[in-house]
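As structure tokens, the structure follows; a few thoughts come after it.
The values are calculated or read from the model by the stated rules, or taken from the named source; none is laboratory data. Quick caveat: nothing in here was measured; it's all calculated off a predicted structure. All Cβ positions, glycine included, derive from the backbone under ideal geometry; neighbour counts span all protein chains shown. Ligands, DNA and RNA are excluded from the accessible area calculation, which covers all protein heavy atoms including side chains. Shrake-Rupley method; radii C 1.70, N 1.55, O 1.52, S 1.80 Å.
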There are 2 protein chains.
Amino acid sequence: MKFSCLRENLLQAVSIAERAVASKSTMNILEGLFIEAKENEIRFLGNNLELCIDCSITGNVEKKGSCVVKANLFSDAIKKLPASNQEVFVEVNENNVIFITCGNAKFNFSTAPADEFPRPQEINALDEMVLEESLLKNMIRQTVYAISQNDTKPYLTGILFDMKNGLLNVVGCDGYRLAIRREALTHEKDLQFIMQGKTARELLSLLGDSDYKVTVKVSDKQAQLYLKNCVVTTRLIDGDYLNYETVAKHENTLFVVTETKEILDSVDRASLIASEAIKAHVLLHIEDGQVNINCETILGQVKDKFEVDMQGEPIEIAFNPRYLLEAFKNTECKEIKMSFSTALNPVIIQPVSGNSFQYIVLPVRLH
Amino acid sequence: MKFSCLRENLLQAVSIAERAVASKSTMNILEGLFIEAKENEIRFLGNNLELCIDCSITGNVEKKGSCVVKANLFSDAIKKLPASNQEVFVEVNENNVIFITCGNAKFNFSTAPADEFPRPQEINALDEMVLEESLLKNMIRQTVYAISQNDTKPYLTGILFDMKNGLLNVVGCDGYRLAIRREALTHEKDLQFIMQGKTARELLSLLGDSDYKVTVKVSDKQAQLYLKNCVVTTRLIDGDYLNYETVAKHENTLFVVTETKEILDSVDRASLIASEAIKAHVLLHIEDGQVNINCETILGQVKDKFEVDMQGEPIEIAFNPRYLLEAFKNTECKEIKMSFSTALNPVIIQPVSGNSFQYIVLPVRLH
């Protein structure tokens, strides 16, 4: 294998592909980065068997071939190339030693044979959808924080993509709170799959804020996303998701409109003494156009109050402050609407108009 | 105790004083922050018995008194006060409960009695010196990185301040390298003390870049520094420092002038494969106006070269790359001069003209 390419392109491709490299694995080869020189194209592949990232750049290929390099060593070497030189020369000799040359700097180290490296299979797409990368990023960001951290129910550790009648719902839930993000997409097939939380978080880093159209192909077991710079292949989570459409269908009796920052800061303040104590909750008392917040633990007490627009019956209701805070932080709205029924029913947090997102948070039962 | 003060002043004082609060201590009271309301002045004190920081602000004191609060709880509460309000009201009642009020937000939690808190004693100053805070900061920064991380020789875990005949030398050394920073200060008494490394690092955070004159008072066991915002009292390290003036008095036979960034980047590149291997070194071969750098370990090999101005005999000499890198990073000079004698004698790194600093690094013995 022998090729040369621009330092900058190499840097970018390696930093993308190495995101899928296993940091520790019983299969040593998975800690490596697969490199393949093809006709005028160099391909970099990281694969931890859950997630595979495939990133290609153009370059001058003198001799085709492939190898597997220790990912962190190769990546660090590329980062440390002298910045004053534009072009990088890479060659693997007959003894499987890779030589990287850039200006006067020369690195060499041994590589592993490429045939042991698991390459992703062509996926047998049953369905696909297309959406802008900025929208996909936003829909993931506004739901992935709500997924479960423990895997007693594996489907709750992922986010659901549910495309139905031209409406895409992305859903995250951990059993105590549920985040739904909705967006109309025209001319798309119906489609449902559960993406792993880890993959969703990696996508947040890989996706940009442009209007580039990402194609998502889905088979029984896998999804493949065609991003601007790379192709991401990921295992899907098996099983059925909960029927999120039927959650919180009770009738609400109190509607509150408030500035997001005001209630966020106030709950954050109250949570100061809750964070260290076990099962602490914040109590919201909403009456006469005022929210009174109170939190009392073994450490001390915090009280706060602020004015809101309210319509309906007063309420006294308690929450795990973390669930409220994470919801408020992810609204990306200046104002929000909160809908309550009784102290035992969940609150629904959504935009003041429309329902592009809905966060449903179960209260803490006080008595 | 009852007082009010500006939110901003309170924030600043607490963030300074809490730097000296013990994060974990067998004496619980040391995890606290001492607060004392005096005539129109509120004093905050953190003391971990090695280091004590004393910071006072002005305020309206209605009732004098003192208490000790859990430092992290108090500090977090102050940070979370509503930013829209300027004034903070603090009161401790007869049950030792502190009430903090700012706008609609109210915190309360219990405090500990102040009389158990160890206050710093007035130090019996034998000597003192005065220097600008920016200079003190610079002199510490350029020497403290060279101190020893293990305490088999306690005096090597601190930096020496040696004021003699109007010349202040600050010295850090770990037995393998020695950093000296020199500066002429007129009209100062002779003075010598060893400051703990931890204290020196805290001072880097506390000192600003202004020309404010810091007074340093020194007794047998302690030093007291009068900074712009606070007074720092610290235990000194007992014992004699090594006679640093006699180190590296051999005659040099090779003088090299090089761009600091060029040699820094080049050694950094070479150290890539040294970092993970044990006892790896970089080899410098300097001849015919060229530095050839080579590093070879079990991981692979890195080579590099660059041009320099040289005068004298060629040399081949090996170093621990970390010692070189840390020296280069702390020169703050665009160009440096390196003086060599034999492969067994230390290199001296200093400015191209003058000797405001000198870094002396022992080579690795190859054979």
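Remark: for residue pairs B:2/B:70; B:153/B:221; B:80/B:213; A:198/A:334; A:137/A:228, the C-alpha separation exceeds 22 Å in B:80/B:213; A:198/A:334.
Annotation: per residue accessible area for the stretch B:127-241 equals 43 Å², rounded to a whole number [probe 1.4 Å, protein chains only].
Heavy-atom accessible area for residue B:101, with the other protein chains in place and a 1.4 Å probe, reaches approximately 40 Å². Mind checking which aspartates and glutamates have their Cα closer than 13 Å to the Cα of residue B:217? Skip sequence neighbours fewer than 8 apart in that chain. Excluding near neighbours in sequence, the set is B:122, B:127, B:128, B:188, B:190.
Considering all C-alpha pairs of chain B, those separated by over 34 Å amount to 42%. On association of chains B and A, roughly 2400 Å² of accessible area becomes buried (total for both chains; probe 1.4 Å). The portion of the accessible surface of the protein assembly as shown made up by carbon and sulfur, rounded to a whole percent, is 45 (1.4 Å probe; DNA, RNA and ligands excluded). In terms of accessible area, using a 1.4 Å probe and ignoring ligands and nucleic acids, B:24, A:79 rank largest first as B:24, A:79.
On the principal axes of its alpha-carbon atoms, the protein assembly as shown has extents of 90, 83, 37 Å, going from largest to smallest. A loss of 40 Å² or more of accessible area (1.4 Å probe, protein heavy atoms, ligands and nucleic acids excluded) relative to the isolated chain is seen in these residues of the stretch A:73-92: A:73, A:80. For the pair the stretch A:304-356 / the stretch A:134-167, the C-alpha centres are spaced 21 Å from each other. For residue B:126, the shell of other residues with beta-carbons less than 10 Å away shows a net charge of -1, using +1 for Lys and Arg and -1 for Asp and Glu. With 0.36 nm allotted per residue and the present C-alpha distance subtracted, the residue B:72-residue B:316 stretch has 82.5 nm of extension available. Annotation for the stretch B:18-33 versus the stretch B:53-69: alpha-carbon center distance of 18 Å. Applying a DSSP loop filter and a limit of 15 other Cβ atoms within 10 Å to the trypsin sites (Lys or Arg not before Pro) in the stretch A:293-334 leaves A:334. One way to sum up the overall shape of the stretch A:76-135 is the equivalent ellipsoid from its Cα gyration tensor, whose semi-axes run 35, 22, 8 Å, largest first. Contact-buried residues of the stretch B:108-135, at a threshold of 10 Å² lost accessible area versus the chain by itself: B:108, B:109 (1.4 Å probe; DNA, RNA and ligands ignored). For the stretch B:238-296, the C-alpha radius of gyration divided by 2.2 N^0.38 Å, with N the number of residues, is 1.54. Cα centroid separation, the stretch B:215-256 to the stretch A:262-303: 50 Å.
Annotation for the stretch B:301-367: GluC sites (Glu not before Pro) lying in DSSP loop with at most 16 further Cβ atoms inside 10 Å of their Cβ are B:332. The heavy atoms of residue B:215 present about 30 square angstrom of accessible area, all protein chains included, probe 1.4 Å. The alpha-carbon of residue B:337 sits under 17 angstrom from the alpha-carbons of these lysines, leaving out residues fewer than 8 places away in its chain: B:249, B:261, B:329. Taking N as the residue count of the stretch B:127-241, its C-alpha radius of gyration divided by 2.2 N^0.38 Å amounts to 0.97.
Entry note, chain A: the mean residue ellipticity at 222 nm calculated from DSSP H runs of n ≥ 4, each adding -39500 (n - 2.57), is -5000 deg cm²/dmol after division by the residues and rounding to the nearest 500. Contact residues in the stretch A:293-317 by the 20 Å² criterion (accessible area, 1.4 Å probe, full protein complex versus chain alone): A:299, A:301, A:302, A:303, A:304, A:305.
Volume per residue for the stretch B:2-110 equals 89 cubic angstrom (convex hull of Cα atoms). With the alpha-carbon atoms of the stretch B:254-361 aligned to their principal axes, the span from lowest to highest coordinate is 41, 27, 23 Å, starting with the largest.
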